[in-house]
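Novice: Before we start, here is the structure in question, set down as structure tokens.
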Amino acid sequence: MGQTLCICSRGSITIDNKRYYFIQKLDEGGFSYVDLVEGVQDGRFYALKRILCHDREGRQEAQTEVEMHRLFSHPNILGLAGHTFIERGGKSEAWILLPYVQKGSLWSVLEKLRDKGSFMPERRILKVLQGICSGLKAMHDRGYAHRDLKPTNVLLEVDDRPLLMDLGSMNRSRMEVKGTREAMTVQDWAAQRCTISYRAPELFNVESHCVIDDRTDIWSLGCVLYSMMFLEGPYDMVFQKGDSVALAVQNPVTIPQPCRSVSPLASQLVVTLQSITLSAFKASRLECIDSK
Ligand SMILES: Nc1ncnc2c1ncn2[C@@H]1O[C@H](COP(=O)(O)OP(=O)(O)OP(=O)(O)O)[C@@H](O)[C@H]1O
């Protein structure tokens, strides 16, 4: 995979000896451009994610993203259709070819509901949540964490089957931090790679002796569930107002009142998910203090 590529004049590209026509731009992420392309042989649509790698580290990160897609063959994790690296003017660009998911991201679905003054029925929320949990579990079972779970990183198939995507921040779920320097490295990495309003508390101020694990994803999962229930993330407003998210995540999450359309059980679930991770985080801090 990733051996050959040519860019032809009629707006087509070749990856692994297969030709694809450029159709249109799809979206832009923080690290990439995403275009819609069509396979000449199979007539299928694909999303071509292009990541500009500024240095060797950037290239390695893109390579890791490719490997993470390859590692999983799961109904709730986006697969890989092909990839290549191209070199241009001393810089390299990673081209990651992914199956195109027409309905788009969970976030775009939530935005449309909000614009219509509508909401997501609880049954639908639970179905999507179950799929997300299943994809996350597959990652955690193999010793990896997603680290950037959020509604823009979940694609929805027409039947609402969620697909976890943007695997560029994934790494081994257990990170043992030994000393201030390592703590700063993890904290700086999290500041770049884990979206602030879905970032777990332990990644804001990384302790100098601690273990970071896959509970960071469970925190983000709680935020995603909250977004499905209230059509905005629990810390979106805090961030938009310019207040400190790092501070806000230390306190219990607030449920908008009056709490429309969701049962007390569902609101309790979001609070529980987050309090589990927050208390685990506080307990691990106490262990750190004790062991010093
Ligand atoms: N396979 C796909 N099918 C449909 N749309 C896609 C696909 N892949 C990406 N997109 C669209 O492109 C957007 C950006 O993709 P992606 O999140 O992978 O980029 P990114 O640069 O890593 O973004 P960020 O780091 O800002 O989350 C997605 O939110 C989605 O709207």
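Novice: Just to verify a result, which residue in region 162-184, among those that are part of a loop (DSSP other than H, G, I, E, B) and closer than 26 Å to I51 by Cβ, is farthest from the chain's Cα centre (by Cα)?
Specialist: Among them, the one singled out is S173.
Novice: Of everything in region 76-93, what is within 11 Å of the ligand (Cβ to nearest atom) and surrounded by 15 or more Cβ atoms within 10 Å (Cβ to Cβ)? Give them in sequence order.
Specialist: L78, L80, A81
Novice: Here is a check on your reading of the model: is L129 under 22 Å from G233 (Cβ atoms) and within 16 Å of the ligand (Cβ to nearest atom)?
Specialist: no
Novice: Does D166 fit the bill of being outside the structural domain of E65 (by TED's automatic domain parsing), within 14 Å of the ligand (Cβ to nearest atom) and on the phi > 0 side of the Ramachandran plot?
Specialist: yes
Novice: Any residue at all in region 100-108 that is outside any loop (DSSP other than H, G, I, E, B), surrounded by 21 or more Cβ atoms within 10 Å (Cβ to Cβ) and at pLDDT 95 or above?
Specialist: yes
Novice: Of the residues that make up region 85-99, is at least one among the aromatic types (F, W, Y) and not assigned by TED's automatic domain parsing to the domain that holds S12?
Specialist: no
Novice: A follow-up question, please. Do the conditions hold for I96, that is, is it away from the ligand (no atom under 13 Å from the Cβ), touching a residue at least 12 places away in the same chain (Cβ under 8 Å), among the β-branched types (V, I, T) and not in a loop (DSSP other than H, G, I, E, B)?
Specialist: no
Novice: Also, I was wondering about something else. Sort out which residues of region 15-36 are within 11 Å of the ligand (Cβ to nearest atom), surrounded by 14 or more Cβ atoms within 10 Å (Cβ to Cβ) and of a type outside the set (G, A, S), and write them in order of number.
Specialist: L26, D27, F31, Y33, V34, D35, L36
Novice: For region 213-259, give me the residue count where each residue is more than 25 Å from M139 (Cα to Cα), of a type outside the set (D, E, K, R) and in a helix (DSSP H, G or I).
Specialist: The number of residues fulfilling the criteria is 9.
Novice: Quick test of your reading of the structure: V158 fulfils all but one of (1) surrounded by fewer than 22 Cβ atoms within 10 Å (Cβ to Cβ); (2) part of a helix (DSSP H, G or I); (3) not acidic (D, E). Name the failing condition by number.
Specialist: Only one criterion in (1) surrounded by fewer than 22 Cβ atoms within 10 Å (Cβ to Cβ); (2) part of a helix (DSSP H, G or I); (3) not acidic (D, E) is unmet by V158, namely (2).
Novice: Give the number of residues within region 42-57 that are within 18 Å of N171 (Cβ to Cβ) and within 12 Å of the ligand (Cβ to nearest atom).
Specialist: Going through region 42-57 one residue at a time, the tally reaches 1.
The values are calculated or read from the model by the stated rules, or taken from the named source; none is laboratory data. Predicted, not measured: the structure shown is a model, and the values here were computed from it. So basically every Cβ, Gly included, is an ideal-geometry build from the backbone, and we count neighbours across all protein chains shown.
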